[in-house]
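> For reference, the structure I am asking about is given below.
The values are calculated or read from the model by the stated rules, or taken from the named source; none is laboratory data. Here the structure is a predicted model, which is why all the values come from computation and not from measurement. Cβ sites come from the backbone with ideal geometry, for glycine too, and all protein chains shown count toward neighbours. Please note that ligands, DNA and RNA were not included when accessible areas were found on the heavy atoms of the full protein model with its side chains. Shrake-Rupley method; radii C 1.70, N 1.55, O 1.52, S 1.80 Å.
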Amino acid sequence: MAEHETHEFDVVVIGAGGAGLRAAIEAHDRGARTALVCKSLLGKAHTVMAEGGIAAAMGNVYPDDNWRVHFRDTMRGGKMLNSWRMAQLHAQEAPDRVYELEEWGALFDRTDDGRILQRDFGGHRFARLAHVGDRTGLEMIRTLQHRAVSQGVEVFMECTVMRLLTDGDRIAGAVAYWRESGRLVVFRAKAVVLATGGIGKAWKVTSNSWEYTGDGHALALWAGADLVDMEFVQFHPTGMVWPPSVRGILVTEGVRGDGGVLRNSQGKRFMFDYIPEMFRAETAETEEEADRWYDDRQNNRRTPDLLPRDEVARAINTEVKEGRGSPHGGVFLDIASRKPADYIQRRLPSMYHQFKELADVDITREPMEVGPTCHYVMGGVRVDPDTQAATVPGLFAAGEAAGGMHGANRLGGNSLSDLLVFGLRAGRYAAEHAASAGDPPAVDPAQVEAAEREALAPFERAGAGENPYTVQQDLQDCMQELVGIIRTEGELKSALERITALKERAARVGVEGHRQYNPGWHLALDLRSLLTVSECVALAALERRESRGGHTRDDYPKPDPELGKVKMVVRAREGKVAVSREPLDDLPDDLRQLFEEKPRS
C-alpha cells in the first residue's frame, strides 16, 4: 500500500455547500472534533449559484403566512410523495434558520419598515423567499463559511472522497485523494455526513456545476445504504438556450416572481393553457386577473407563470415540440415589456449581467430565450426524518444528497431552507452518535488498499484504454435522450442497456501523465459515481409506471393512485442494483385536515 496520511475525527462532513457547512458548524458547536472535506475550494460550492431566495414562512410581507401553509404548499408541490415529517420540520424550523443567518451577519433585502423582504416564487401561496437580490446563495455561503472558519472547523479543500470505510455494519471513515498531488488521505471517523449535492452532470443540458457527479449518492449506495425517489429529477423550466456554450445555465424563477411572463413564438402567454386541476382553483384564468395579482393578492389569483416547476417545464417542452418555440429551441421570458429598466437592474442584477455578457442580450430591452435544464434530484439517501441518519449506522445525509423532503417535485426556494434545517439536524445527530459510539471504529487496511488499486488502475492503461471524456459524453447523450423530461418504457430499457455497456467501457478507461492535478484522472474516477446514479435513476423510472412531478412517462401519462402510496427504494446487494416499492408513512389526521381546507389567496 502506498504511503498515505491519516486523520482522526469524531465527525467528517463531506461537501462544503450550505448543508455541509451548517452540519459542520453544528457538530463542532456540540463538541465533536469535526472535519469539513470538499472537492472544490471553500466558498465555490454549487450553493452559490442559488439565486432566488430561502423559503421560510416569516409572514413579513403577508401576515397570513405560517408553517402550515408552507407545509401544505410543499406537499402539494411534491405531489404528496414527500416525507410528511421532513416537510413539517422544514416548514416549522425554516424561519429560525433565516434569523440565525441574519444574526451571523447575512445581509437581506428589506421591507420599507426594515424587516427581511420576501418575494414570490412558483408554488408558494405567499411571497415567502427571503433574498439578497438574485445572489442569495452567495450571501448564504459567505456567511456560513465565515462562521465555520471562525469557529475552528478544520477544512480539507480540493480533496475528493472515493469510498466510505466500514467496520462491520457501521461507518468507520472515508478514503480520499488530494486533487493537487493525487496522494491518498484516510479519514477515521465515528460518523460521516454526506452533503455532496446532486447528480446533474450525468445530463448534457444542466444548470449544475462540475462537482455535481453524484458522489454522495454513490458512496452511500456502495456502503450499503438505501436510496429513495431516484426517478424524480427536476428539469428547471428556465435555463439559457443560446449560445450553445452557455446552454443550461440557470435563469432564476425570480424573473417570473418579479413580473416576467412566458410567451411562445406567436407572442401568446401559453401557460394559461396548462393549468392542472390540482391548482385550478387558485390560479388566474385570464391575463387581466394574473396581472392584477401582482398588486392585489387578496382579491385575485396568482399567475400560471408561477405554477410549480414540473408543470412549467412540461408546458415549455410541449410548446417547443409543437412548433411554437423560439429560434434556438426554447420559449421567450419577457420582463422587458413589463417593468422599467431600473427596476430590472435593481431586482435582478445577476440576470442582467449574465445575459449581457454571455449572450449579448439586454433583458431590459428584449426577452430572454429559455428552456428546461436538468437542475435538481429529489431522490437521495434514505434518512430518518428527525435525525437524518441513513440506514447504515454512523452515516448521515443532508441537502440534495438526502431524499424524501421534496417528494416528486421541489418548490423553488425550498432547497436553501432544506439545507439549513437538515444540515443543522445532521450535524447535531452525527455529533450525538459520535459521543455515544464508544471506541473509534477500526479501519480495515484491505479496504484502503482496494480503494487505492481502483483509483490508480487508469494509469496502468495509459495509451490503451478508453478516453474518460468520451465515456462521459456518451453517458450525457444517453441520459439526455432517454432519461430526460419525457420518458417511455422502451427508452428506459434502452438507457439501461447503454449504461451497462458504458460501465464496461469505464472499467477500461486509461489516463496519461501523473497524479498531480490531472483532470482526466479525476473524471475517470467520477465516472463510477455518474454511472451508478444514472443506473439508479433509470431503474426507478422504469418501475414507476405513472406520471407524477418530475417523472413524466409518455406511456403512462396520468398519476396512478396506487403508486401515489409508495416510494421506490434502491439498494445494491452483491454488486447488483435493484429497486423495490415500499409504502409511504401515513399522514397524521391533524395535517391531513390542512388539505381539506379551502385555500385563501
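> Under a 5 Å amide H to amide H cut-off, with H placed in plane at 1.01 Å, what residues pair with G173 once short-range neighbours are removed?
Those qualifying (amide H under 5 Å, at least 5 residues apart or on another chain) are L165, A189.
> Just to be sure I understand the model, the point goes 7 Å from the Cα along the line to the Cβ. What's the resulting D590 to V566 distance in nm?
For D590 paired with V566, the spin-label model returns 3.2 nm.
> Across the range 372-389, in residue order, what do the Karplus-derived ³J(HN,Hα) couplings come to in whole Hz, using 6.51 cos²θ - 1.76 cosθ + 1.60 with θ = phi - 60° and x for Gly and Pro?
x, 9, 4, 10, 7, 10, 6, x, x, 5, 6, 10, 5, x, 7, 9, 6, 6
> Which entries in K321/K493; K268/K558; K79/K190; K79/K576; K339/K558 show an alpha-carbon gap greater than 32 Å?
K79/K190; K339/K558
> Would you please give the residues with an amide H less than 5 Å from that of R461, counting only those at least 5 places away or on a separate chain, with H modeled from the backbone geometry?
Residues meeting the criterion, in which the H sits 1.01 Å from N, are V511.
> Another question, if that's okay. Once phi is turned into θ = phi - 60°, what whole-Hz ³J(HN,Hα) does the Karplus curve with 6.51, -1.76 and 1.60 give for every residue of the range 39-46, x standing for Gly and Pro?
5, 10, 6, 4, x, 9, 5, 4
> R545 to D384: FRET efficiency via 1/(1 + (r/R0)^6), r the Cβ-Cβ distance, R0 35 Å, to the nearest 0.05?
0.75
> Heads up, I need the accessible area for K339: 1.4 angstrom probe, whole protein in place, Å², nearest 10.
Solvent-accessible area, nearest 10 Å²: 60 Å².
> Please state the relative contact order of the range 1-66 as a whole percent: Cα pairs under 8 Å, 6+ residues apart?
Computed over the range 1-66, the figure is 28 percent.
> Kirkwood hydrodynamic radius of the range 119-274 from all distinct Cα pairs, in Å?
19.5 Å
> Explain nothing, just the number: relative contact order of the chain, from Cα pairs under 8 Å at least 6 residues apart, as a whole percent.
This gives 21 percent for the chain.
> On a 0 to 90 degree scale, rounded to 10, what angle separates helix 136-151 from the longest Cα axis of the chain?
For 136-151 against the chain, the angle is about 40 degrees.
> Would you list, by chain and number, the lysines whose Cα falls below 19 Å from the Cα of K44, excluding same-chain residues fewer than 8 positions away?
Within reach: K201.
> On the accessible surface of the chain, probed at 1.4 Å, how many percent belong to carbon and sulfur atoms?
47 percent
> Classify the range 514-555 as rounded, prolate or oblate, taking a ≥ b ≥ c as the square roots of the eigenvalues of its Cα gyration tensor: rounded when a/c is under 1.5, otherwise prolate if a/b is larger than b/c and oblate if not.
prolate
> Report, by chain and number, residues whose modeled amide H sits under 5 Å from the one on T6, excluding near sequence neighbours (fewer than 5 apart, same chain).
V186
> From the square roots a ≥ b ≥ c of the eigenvalues of the alpha-carbon gyration tensor of the range 493-583, which class results: rounded (a/c under 1.5), prolate (a/b over b/c), or oblate?
The shape class here is prolate.
> Now for a different question. Could you work out the relative contact order of the range 22-134? I mean the mean sequence separation of Cα pairs under 8 Å and 6+ apart, divided by the number of residues, in percent.
31 percent
> Dipole magnitude of the chain about its Cα centre, charges +1 at Lys/Arg Cβ and -1 at Asp/Glu Cβ only, in debye to the nearest 20?
Charge dipole of the chain: 380 debye, to the nearest 20.
> Calculate, in whole percent, how much of the Cα-Cα pair population of the chain lies beyond 36 Å.
Counting pairs separated by more than 36 Å, the tail of P(r) holds 32 percent.
> Order the peptides 139-147, 346-354, 443-451 from the highest to the lowest mean number of other Cβ atoms within 10 Å of their residues.
The packing order, highest mean first, is 139-147, 346-354, 443-451.
> Work through the residues other than R425 whose Cβ is under 11 Å from its Cβ and net out their charges, Lys, Arg +1 and Asp, Glu -1.
-3
> While we're here: Can you compute the helix-only [θ] at 222 nm over the chain? Use -39500 (n - 2.57) per DSSP H run of at least 4 residues, normalise by all residues, nearest 500 deg cm²/dmol.
Helices in the chain give a 222 nm mean residue ellipticity of -11000 deg cm²/dmol.
> If you fit an axis through the alpha-carbon atoms of helix 519-543 and take the longest principal axis of the Cα set of the chain, what angle between them do you get, 0 to 90°, nearest 10?
Here the helix axis deviates by roughly 60 degrees.
> Right, something else. From zero outward in steps of 5 Å, how is the percent of C-alpha pairs of the range 454-550 spread across the bins?
Result, from short to long distances: 2, 14, 24, 20, 14, 11, 8, 5, 2, 1 percent.
> I would also like to ask the following. Please name which of H522, G152, G216 has its Cα lying farthest along the dipole of the chain towards the positive end, using unit charges on Cβ (Lys, Arg +1; Asp, Glu -1) and the Cα centre as origin.
Checked the options; the winner is H522.
> In degrees from 0 to 90, rounded to the nearest 10, what is the angle of the helix 414-436 Cα long axis to the longest principal axis of the chain?
For 414-436 against the chain, the angle is about 30 degrees.
> What is the extension gain from E288 to R581, computed as 0.36 nm multiplied by their sequence separation minus the C-alpha to C-alpha distance, in nm to one decimal?
Full extension of this stretch gives 100.9 nm more.
> When ligands, DNA and RNA are left out and all protein chains stay put, how many square angstrom of accessible area per residue does the range 218-304 have with a 1.4 Å probe?
34 Å²
> Per-residue HN-Hα couplings for the range 278-286, Karplus 6.51 cos²θ - 1.76 cosθ + 1.60 at θ = phi - 60°, whole Hz, x for Gly and Pro?
4, 10, 5, 5, 10, 10, 4, 9, 10
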